[in-house]
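Undergrad: One structure coming up, written as structure tokens, with questions to follow.
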Amino acid sequence: MVNIAVLVSGGGTNLQALIDAQKAGKIPGGRITAVISSSPGAYALERARQNGIDTAVLRRKDYATQSGFDDALIAELKSRDIGLVVLAGFLCILGKKVTDAFERRILNVHPSLIPSFCGKGFYGLRVHEAALAYGVKVTGATVHFVNEIPDGGEIVLQKAVDIEPGDTPEALQRRVMEQAEWEILPRAVAMFCQGTL
């Protein structure tokens, strides 16, 4: 059984998609055993508590250096015997120490079709604002392995979502989550836990 830690910073909608998939038996070979948040006020922590999942808070600002934060995160993950780390709206960049310690064992979901609208500074609504400003007709979501380059790791799964006339960044964000992120993230986690990645 693969112990999964989900790293979050906000509301936890992708975490909820993973919890729902686990309850439905769609993540055989894996179980979410920890939710770690960079923000003590993140609603994702409440979602975890409601589902009996252990939580922890690690705030980047509590550490003088990136290295210190990375060491604390690695220690937290190793103490819980974590085999897979899932970034689900985690707004802290992971240092090379973490990506090396968990090489090919960290998955991230990004709300675009990488290599478009990705990398440092592209997160949340900014991604959808950029897609609409550029005038693309199709966007989507990508699950990828995490390395030291933001959004630079090997792509695992992608799913396209059409942009519709009159879309706002908020409407597009919601549709990308519902039609792509919430579908491909649990599927990628299941593939990892079954050893098919």
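The values are calculated or read from the model by the stated rules, or taken from the named source; none is laboratory data. Treat the numbers as computed from the prediction; the structure is a model and nothing was measured. Here the Cβ positions follow ideal geometry from the backbone for every residue, glycine too, while neighbour counts run over all protein chains shown. Remember, those area values only see protein heavy atoms, side chains included, never the ligands or the DNA or RNA. Shrake-Rupley method; radii C 1.70, N 1.55, O 1.52, S 1.80 Å.
Undergrad: When you go through L172, L113 one by one, which is the residue that is more than 23 Å from G95 (Cα to Cα) and in contact with a helix residue (DSSP H, G or I) (Cβ under 6 Å, 6 or more places away or on another chain)? Show your work before the answer.
TA: Numbers: L113 fails: in contact with a helix residue (DSSP H, G or I) (Cβ under 6 Å, 6 or more places away or on another chain).
Checking each option against the conditions leaves just L172.
Undergrad: Now, a different point. Filter region 24-81 for residues that are assigned to a loop (DSSP other than H, G, I, E, B), among the hydrophobic types (A, V, I, L, M, F, W, C) and open to solvent by less than 70 Å² (accessible area, probe 1.4 Å) and give the result.
TA: Of the residues in region 24-81, the ones assigned to a loop (DSSP other than H, G, I, E, B) are 24-29, 38-42, 51-53, 58-59, 63-65, 80-81.
If we keep only those that are among the hydrophobic types (A, V, I, L, M, F, W, C) as well, we get 24, 27, 42, 53, 58, 64.
Answer for region 24-81, where residues must be assigned to a loop (DSSP other than H, G, I, E, B), among the hydrophobic types (A, V, I, L, M, F, W, C) and open to solvent by less than 70 Å² (accessible area, probe 1.4 Å): A24, I27, A42, I53, L58.
Undergrad: Please find, within region 1-11, the residue that is farthest from F69 (Cα to Cα) out of those that are open to solvent by 10 Å² or more (accessible area, probe 1.4 Å) and touching a Gly at 6+ places or on another chain (Cβ under 7 Å). Before the answer, list the steps.
TA: Start the filter on region 1-11 by keeping residues that are open to solvent by 10 Å² or more (accessible area, probe 1.4 Å), which leaves 1-3, 9-11.
Still in the running and touching a Gly at 6+ places or on another chain (Cβ under 7 Å): 1-3, 9-10.
Numbers: M1: 28, V2: 24, N3: 22, S9: 15, G10: 19 Å.
Restricting to residues being open to solvent by 10 Å² or more (accessible area, probe 1.4 Å) and touching a Gly at 6+ places or on another chain (Cβ under 7 Å), the top hit is M1.
Undergrad: Filter the helices (runs of 4 or more DSSP H) completely within region 113-197 down to those with at least 3 residues that are over 17 Å from L15 (Cα atoms). Write out each step before concluding.
TA: Numbers: elements: 125-134, 169-176, 182-193.
Qualifying helices (runs of 4 or more DSSP H): 125-134, 169-176.
Undergrad: Would you pick out the residues in region 116-126 that are touching a residue at least 24 places away in the same chain (Cβ under 8 Å) and open to solvent by 50 Å² or more (accessible area, probe 1.4 Å)? It would help to see each step written out before you state the result.
TA: Step one: filter region 116-126 for residues touching a residue at least 24 places away in the same chain (Cβ under 8 Å), giving 118-120, 122-125.
Across region 116-126, the qualifying residues are K120, F122, Y123, L125.
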